[in-house]
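A short reminder: the numbers here are calculations on the coordinates, not readings from a lab. Remember, it's a predicted structure, so these values are computed and weren't measured experimentally. Neighbour counts run over all protein chains shown; Cβ positions are idealised from the backbone, glycine included.
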Amino acid sequence: MNKTQMPAYLCHKKVHALHIAAVEINKDWSATIAPKEVGFAPFKTRSGWAERFSGTDDDLGVYVVYEDGFTSWSPTAVFEAGYSLETKGNSNQRKTEDGL
């Protein structure tokens, strides 16, 4: 077995995302998602999206939309370890719910 460590990569993608407050899985494997973020209404995903959903009662995770339109799901901790909220004036600044 090769003992050399594989090359490491840093992520530098820009995505749009909403933290999931509630989710309902539909018969066509789409989902109806209620976002945690204020000002966003519940919405329905495309058919098949829920096949990748692995949320739990403790962590419903994050709905993610990539620049090419692909949509996915991520556990909250994994998402927050890889992405910071883009804010005006500083695209690398992380903003919390408290605004800090």
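Loop-located chymotrypsin sites (Phe, Trp or Tyr not before Pro) across the stretch 7-86 with a Cβ neighbour count of 11 or fewer within 10 Å are TYR9, PHE70, with loop assigned by DSSP. Within the chain, what's the longest run with no GluC sites (Glu not before Pro) in a DSSP loop and at most 11 other beta-carbon atoms within 10 Å? Give the range, please. So the longest stretch without any such site is 1-36.
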